[in-house]
1. In nanometres, what is the gap between the two model label sites at residue 67 and residue 41, each 7 Å from Cα along Cα-to-Cβ?
2. What does the net charge come to around residue 63 if you take all other residues with beta carbon closer than 10 Å to its beta carbon, with K and R at +1 and D and E at -1?
3. Please give the length that would be gained between residue 55 and residue 25 if that part of the chain were fully extended, namely 0.36 nm times their separation in residues minus their C-alpha to C-alpha distance (nm, one decimal).
4. Search the structure for amide H atoms under 5 Å from the amide H of residue 28, placed 1.01 Å from N in the peptide plane, and list their residues when 5 or more places away or on another chain.
Amino acid sequence: MDRSLARNAPLDRAVALFRRIDKARSGLISRAQLEALMSDLAAEAGRPPYSKIEKEALWRRADLDGSGMVDLNELLLLLRRHSPAPHRRRRSP
């Protein structure tokens, strides 16, 4: 598999997720839409639903500019901070 395609897969998935919930195609999602997305992702991962406190914390981390809405860049930053780091092999000396 082409490495550039593998590297772009998480970005493509994030864009697809954003488009899935940005029904109005405004380029912005509301707090309720973000919470619905996070609930869907938790269910897909077999994780318990997010608590009210976790949802509040996620929203504060997502809405970086305090506008009350989250754009794609803010969502990408949130997902990057909350995604597990990829495993990298150490180089032999």
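1. Output for this residue pair reads 1.9 nm.
2. Spelling it out: positives minus negatives among the neighbours equals 0.
3. 8.5 nm
4. Counting only residues 5 or more places away or on other chains, the set is empty.
Here, each number is a calculation from the coordinates, and none is a lab measurement. Since the structure is predicted, the reported quantities are computational estimates derived from the model, not experimental observations. Positions of Cβ are generated from backbone atoms using ideal geometry, with glycine treated the same way; all protein chains shown enter the neighbour counts.
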